[in-house]
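The values are calculated or read from the model by the stated rules, or taken from the named source; none is laboratory data. The structure displayed is predicted, hence computed values, not measured ones. Counting neighbours? That spans all protein chains shown, and the Cβs are built from the backbone with ideal geometry, glycine included. All accessible areas refer to the heavy atoms of the entire protein, side chains included, with ligands and DNA or RNA removed. Shrake-Rupley method; radii C 1.70, N 1.55, O 1.52, S 1.80 Å.
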Amino acid sequence: MQIKPEALRGRLERGLAPIYLVSGDETLLVEEACDAILAAARRHGYSERRVVHVESGFNWSELIAEAASQSLFAERKVIDLRPPANKIDRKASDILREYAGAQHEDVLLLIRTGRLEGRQRSSAWFKALDKAGVIVLVWPVGIRELPRWLAARLRDAGLELNREAFAYLAERVEGNLLAAVQEIEKLKLLDLRQPIDARSIAAAVEDTAHYDAYELIDAAFAGDAKRVQRVQRTLREEGVAIMALLGAFTSQLRRLESGGWMPAHRRGAAADFKRRAGGVESVLAELALIDQQVKGTVLGDPWLSLERLLLRHCKTRARMPVTPLEDEWRLLRRSDL
C-alpha cells in the first residue's frame, strides 16, 4: 500500500503493518515519518530496535537471520534497515522478496532510503513490499506545495500570521524545511502578538532559503524575473559552481527540443519559455558563450551574463545587469555572415 506522508498518522492509528518503506530526499520529512512509525511501534510493545546500516560488503542474508533471532530482553523488535537507494541490487531484491513473502511474528521491518528512481519503483522487490506492507514516498516540497505545507505547520504550532507575514516567511525558508521548522519553533518561543505581522517576522526570522540548479531553471521557465534574481543570487553566495547551472540548464533545453522525459510540471513551463525565446537554439548558443566566459576565452562575468540571458525571456520586468556578452554575441553572429 502506497500512502502520502500526511496520511501516515491516520494509517498508524488503525494498526501496524509488518513492513514500512520510507523513501525520499527530504531528510526532515523522511525522519519525521520514521519517527512516527517508531513511536507507534513502541506503543504496541516493540521495545527493542536494531539499526542496520547497509554498507560496502553487507550480507543481505543477515536481514533474514536478524528477523529470526530471539531477543532475551524484548518480545517484539523493530529492524531499522538503512540502505542507500543505489545499493538495492539483485541479491538485495531476492532477500527483500523472500522477507516480504514470509511471516515474521513480533518483528517490524522499517526500511528508510533515499529517493527511488522510476525503474526501482517498478521492480519486483518494490512490488513485493507494496503488497506486504506500507510504502511512504516523500517528494520534495516545491514552491507550489510550500504554502500548504507551511500553513499546516503553523496551524499545528498554534500560530497565526497575516498574509504579508506569511509570504515573507515562505520566501525566507523556501527550499529549507529544517530551517522552516526551526523558525516556527522560534516564533512559538517569542510568543508574539497574533496575528503576527511582517515587521515582527522580519525582526525574528533569518534568510535561510536554499536552492539548487533546478529551482533556477523552474524560475526561468516560469518567467518570474524577481525569483530568477533571488535564486541566482543565493546560489552564487553559496558557492555553487556556475558550470553545474549551465550544464543543468543546457540539459533541460536539449530534452525539451528532443522530446525527452521531463517532469510534467516543468514541461508546460518549458514550452512557454521556448515560445518566449523564439526557440532554444539561440539560448543554447548563448549558454555556450557563457561557458567560454567561465573558461576565460571570452571576456565578461558569466554570472551577470547568465542572469541577463534568463531575465531577457521572463514575463515580468526586472533590472537588467550590465554585461558585455551581448556585444560579443553580436560580433560572433556578424562573423558568421
Jot down the radius of gyration and Dmax of region 16-111, Cα atoms only, both in angstrom. 13.2, 36
Inverse of <1/r> over all distinct C-alpha pairs of region 206-327, i.e. the Kirkwood Rh in Å, gives 14.5
Regression test value, accessible area per residue of region 124-199, probe 1.4 Å, units Å², expected 58
What's the percent breakdown of Cα-Cα distances in region 103-195 across 5 Å bins, shortest bin first? 2, 10, 18, 17, 10, 10, 11, 10, 7, 4, 1
Cα-Cα P(r), the chain, percent of pairs per 20 Å interval: 25, 45, 27, 3, 0
My understanding is that a pair violates if its Cα-Cα distance is over 31 Å; which of LYS188/LYS315; LYS131/LYS274; LYS4/LYS188; LYS127/LYS186; LYS87/LYS295 do that in this structure? LYS188/LYS315; LYS131/LYS274; LYS127/LYS186; LYS87/LYS295
Putting +1 on Lys and Arg Cβ atoms and -1 on Asp and Glu Cβ atoms, find which of ALA202, ILE217, ALA244 reaches farthest to the positive end of the dipole of region 177-246. ALA202
Taking the chain as the reference, fit the longest principal axis to its C-alpha atoms, fit the long axis of helix 90-101 to the helix C-alpha atoms, and give the angle between the two in degrees, 0 to 90, nearest 10. 50
Would you mind giving the three semi-axes, in whole Å and largest first, of the ellipsoid equivalent to region 134-279 according to its Cα gyration tensor? 33, 17, 14
Quickly rank 266-273, 193-200, 153-160 as a protection proxy: mean count of other C-beta atoms within 10 Å, highest first. 266-273, 193-200, 153-160
For helix 264-277, report the angle its Cα long axis makes with the longest principal axis of the Cα atoms of the chain; keep it between 0 and 90° and round to the nearest 10°. 0
Using the crude model of +1 on Lys and Arg Cβ and -1 on Asp and Glu Cβ, and no other charge, please compute the dipole size for region 46-189 relative to its Cα centre, in debye to 20. 360
Share of carbon and sulfur in the accessible heavy-atom surface of the chain [1.4 Å probe, %]: 49
Per-residue ellipticity at 222 nm attributable to helices in the chain (runs of n ≥ 4 DSSP H, -39500 (n - 2.57) apiece, nearest 500 deg cm²/dmol) works out to -17000 deg cm²/dmol
